[in-house]
Amino acid sequence: MVKQVYPSYFITGASSGLGRHLALELAARAAKHNWPLSLALTARRLELLEELKKEIAALAPAVRVKTAVLDVTWDDDAIWRVITECHAELGNLHCFVVNAGIAATARMIGASDRNFAVERPVLATNLIGAMATTDAAVRYIRENGINKTPEQAHIVGISSFSSLGVTNRSSYSVSKAALERYLDILRMESAGQGIHVTTIIPGYIDTPINQHRPHRPFLITAEAGAVAMANAMTVRGGGAGNALVPWWPWAIMWTVFNWIPKWLYFWYVPRMTKGHEPDQAKRD
């Protein structure tokens, strides 16, 4: 049985995709085991958050839910304000899930039909927005002594298997690779301080951010992805450092791709991604 370590979660990008399904999974666990749970759900689209709040109320009436509009590309003060508003209503926030993200249209570096402008929002959201959210969360945790409570605190960042480097997705790949390094630094800086750090590295999970892609090997449902993600976040002792979701086969592939010679990786990846059609920007 998986133990739900944290009594409260703050989730960005909660209106759809993995964020939405994670909130439902946590609520279902709380209802099943009669655990206390508070959820701070944030995203750009308030109407979708309110729909999710109603679903949670029907599924787990005892779960407390606060919804708030938050675009992580806003200024730092706005992110801090939303966190403090959620704290004022729900009390201590223990686990922050930095999930909001977008994928731009498929584009090769230097393409003449679309300029670099299409890449900027991806970097602004997936990297700068994620860093700003994490920074505000860690500041909140320390200033309010959350890391000194019995439950302690947890930062969970959502990366991607594409962080290894995927053609036609340079800004997305770079944003996720840089986020992984940022979380590694946080893990070192916060060691022994009651702030646990987990990097979730999903493979193909059926969410709006990748539904346009013609080839999605080893695809699993968003519901199954949320279960695996919740398991990685709620392990005793603060969760896994890096968690491939789902573990099979992505953990094996991750190990292989990190150990094979670069020339072999450079040969294989363009062939694996060949034929992908241009797509519209998506956000979870």
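Each value in this text was obtained by applying a stated rule to the coordinates, not by laboratory testing. Just so you know, these numbers come straight off a predicted model, no measurement behind them. No Cβ is skipped: glycine too gets one built from the backbone with ideal geometry, and neighbour counts run over all protein chains shown.
One residue alone among 151, 143, 189 is surrounded by fewer than 16 Cβ atoms within 10 Å (Cβ to Cβ), closer than 24 Å to residue 41 by Cβ and either of a type in the set (Phe, Trp, Tyr) or free of Cβ contacts under 8 Å to residues at least 12 places away in the same chain (or both), and that residue is 143. Quick one: is residue 156 aliphatic (A, V, I, L, M), more than 18 Å from residue 98 (Cβ to Cβ) and touching a Ser or Thr at 6+ places or on another chain (Cβ under 7 Å)? Here the answer is no, as residue 156 does not meet what is asked.
Mind counting the residues in the stretch 114-127 that are buried (at least 17 other Cβ atoms within 10 Å of the Cβ) and in a loop (DSSP other than H, G, I, E, B)? So the count comes out to 1.
Can you give me the ranges of the helices (runs of 4 or more DSSP H) entirely in the stretch 9-113 with at least 3 residues that are touching a strand residue (DSSP E or B) at 6+ places or on another chain (Cβ under 8 Å) and in contact (Cβ under 8 Å) with a residue 40 or more places away in the chain?
Of the helices (runs of 4 or more DSSP H) lying wholly inside the stretch 9-113, those with at least 3 residues that are touching a strand residue (DSSP E or B) at 6+ places or on another chain (Cβ under 8 Å) and in contact (Cβ under 8 Å) with a residue 40 or more places away in the chain span 17-33, 76-90.
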